[in-house]
Amino acid sequence: MIIKWRELIEKAWNDREVLHKSTEFDCWRIFHGYTEGAKGVVIEKFGTMALVEYKDDISDDLDTIKDLLLECFPFTLILAKGNQSTGLKLKDRLFALHGSFSNAPDFAEEYGIKYTLLPDAMHNCGLYLDARPVRKWLVNNSEGRRILNLFSFTGSLGIAAIKGGAKSAVHLDKSKVLLPRIKMSYKANGLDLGTRSFIQGDIYKHLPKAIKNGQRFDGIILDPPPKVYKSPYSDHQPKGQDFSRLVSMCSQLLNPGGWLICLFHSFSVTWDVSDKEIIESSSKTLKVIDRFTSECDFPDDDVEKKLRVTVFEKM
Ligand SMILES: C[S@@+](CC[C@H](N)C(=O)[O-])C[C@H]1O[C@@H](n2cnc3c(N)ncnc32)[C@H](O)[C@@H]1O
């Protein structure tokens, strides 16, 4: 199929005028191919770097895409990254179309906060752009709170909470490679991670332990991947994001008046059904206080195809 890249990229760039005029952030999704004319292709901007990611083989079009991007913005680095499904190793599916890796920015900036980037990381380079409104919400609603950031990845959501005045944030993730990246983001924002703010381990091991120890938080961030894998620390088989099991534990760790913010990535369950499942799993101790979705750089008329976010409050 012939894709009219000029038409598509120019339109996408113009549709996002409000974003590139903003001085509040330097990163957004430039092109969301799923609804903008090239399924499986997404282009994201992080400062002066653009990252073109694709699932189908568009090798013959990459030069055209690079030239069009340079017409829109003076990028110093444009990277192409083929999807894992191409079967290639990372080193063979990630390469520069323009500039060199030495021009890669170390950070993206959003609402005055710096987030460490690692463009040659296996999966996401460090900051999920659809979660920008979540980070904004956290900056505005974390003052004085003790926060638990579950499935923390690079810690970005917890860092937004800290910059919003949270008293403390504990990040939990099972990946062994994240600690130096979280530390770098803390340092770039003039913060000290200390020795007890990152727990590397399995959530199904640590949440029951925290409940047993009587720990309590005033805000919990719950952002499981679309498919949570079976844990050696639990005998149940998780389904999708496993909210029912996770919320039954989180609701016991929340102080009254504390919030739980949930990010829904799974397209097989509707937003309303997910909210209901969470309230039931908390034995009706939670109520909905806010709901929002990803912004205009993730355009979709069907809200169920966007990132959906619900904030609950413990009664
Ligand atoms: C979707 S990412 C989370 C994104 C993150 N909240 C952010 O905004 O950057 C999912 C993360 O969950 C972690 N993870 C998956 N299963 C886990 C488990 N059983 N226990 C702890 N962490 C887990 C992965 O290592 C990965 O970093």
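The values are calculated or read from the model by the stated rules, or taken from the named source; none is laboratory data. What you are looking at is a predicted structure, and each value in this text was computed from that prediction instead of being measured. Reconstructed Cβ throughout: ideal geometry from the backbone, glycine too, with neighbour counts over all protein chains shown. Side chains included, ligands, DNA and RNA excluded: accessible areas come from the protein's heavy atoms. Shrake-Rupley method; radii C 1.70, N 1.55, O 1.52, S 1.80 Å.
Of everything in segment 169-196 that is hydroxyl-bearing (Ser, Thr, Tyr) and in contact with a Phe, Trp or Tyr (Cβ under 9 Å, 6 or more places away or on another chain), the residue that is nearest to the ligand (Cβ to nearest atom) is 175.
Hey, which of the helices (runs of 4 or more DSSP H) in segment 163-272, taking only ones fully inside, have at least 3 residues that are farther than 25 Å from residue 109 by Cβ and modelled with pLDDT of 95 or more? So that I can check it myself, show each step before the final result.
Working: elements: 179-188, 203-212, 243-253.
Those helices (runs of 4 or more DSSP H) span 203-212, 243-253.
Taking the criterion of being in a loop (DSSP other than H, G, I, E, B) and either out of contact with any helix residue (DSSP H, G or I) (no Cβ under 7 Å at 6 or more places or on another chain) or away from the ligand (no atom under 12 Å from the Cβ) (or both), the only residue of segment 152-162 that qualifies is 153. Just one of the numbered conditions (1) in contact with a strand residue (DSSP E or B) (Cβ under 7 Å, 6 or more places away or on another chain); (2) within 12 Å of the ligand (Cβ to nearest atom) is not true of residue 138: (1). Select from segment 274-289 the residues that are among the hydrophobic types (A, V, I, L, M, F, W, C) and under 22 Å from the mean Cα position of the chain (by Cα) and write down the one among them that is farthest from residue 219 (Cα to Cα). Across segment 274-289, the extreme among qualifying residues is 278.
When residue 295 is tested against (1) part of a helix (DSSP H, G or I); (2) buried (at least 16 other Cβ atoms within 10 Å of the Cβ), only condition (1) is not met.
Suppose we filter 31, 46 for residues that are crowded, with 21+ Cβ neighbours inside 10 Å, over 22 Å from residue 114 (Cβ atoms) and modelled with pLDDT of 95 or more; which single one remains?
Only one candidate passes the filter, namely 31.
Picking from residues in segment 54-69 that are open to solvent by less than 60 Å² (accessible area, probe 1.4 Å) and not β-branched (Val, Ile, Thr), the one that is nearest to residue 294 (Cα to Cα) is 54.
Taken together, 132, 145 contain a single residue that is buried (at least 21 other Cβ atoms within 10 Å of the Cβ) and within 11 Å of the ligand (Cβ to nearest atom), which is 132. When segment 109-121 is filtered for residues that are within 12 Å of the ligand (Cβ to nearest atom) and either touching a helix residue (DSSP H, G or I) at 6+ places or on another chain (Cβ under 6 Å) or assigned by TED's automatic domain parsing to the domain that holds residue 32 (or both), the ones remaining, listed by number, are 115, 116. Look at (1) assigned by TED's automatic domain parsing to the domain that holds residue 244; (2) within 14 Å of the chain's Cα centre (by Cα) and you find that residue 201 fails only one, number (2). Number of residues in segment 85-131 that are of a type outside the set (S, T, N, Q) and part of a helix (DSSP H, G or I): the value is 8.
Regarding segment 188-198, can at least one residue be identified that is under 24 Å from residue 29 (Cα atoms), within 18 Å of the chain's Cα centre (by Cα) and touching a residue at least 12 places away in the same chain (Cβ under 8 Å)? There is no residue in segment 188-198 that is under 24 Å from residue 29 (Cα atoms), within 18 Å of the chain's Cα centre (by Cα) and touching a residue at least 12 places away in the same chain (Cβ under 8 Å).
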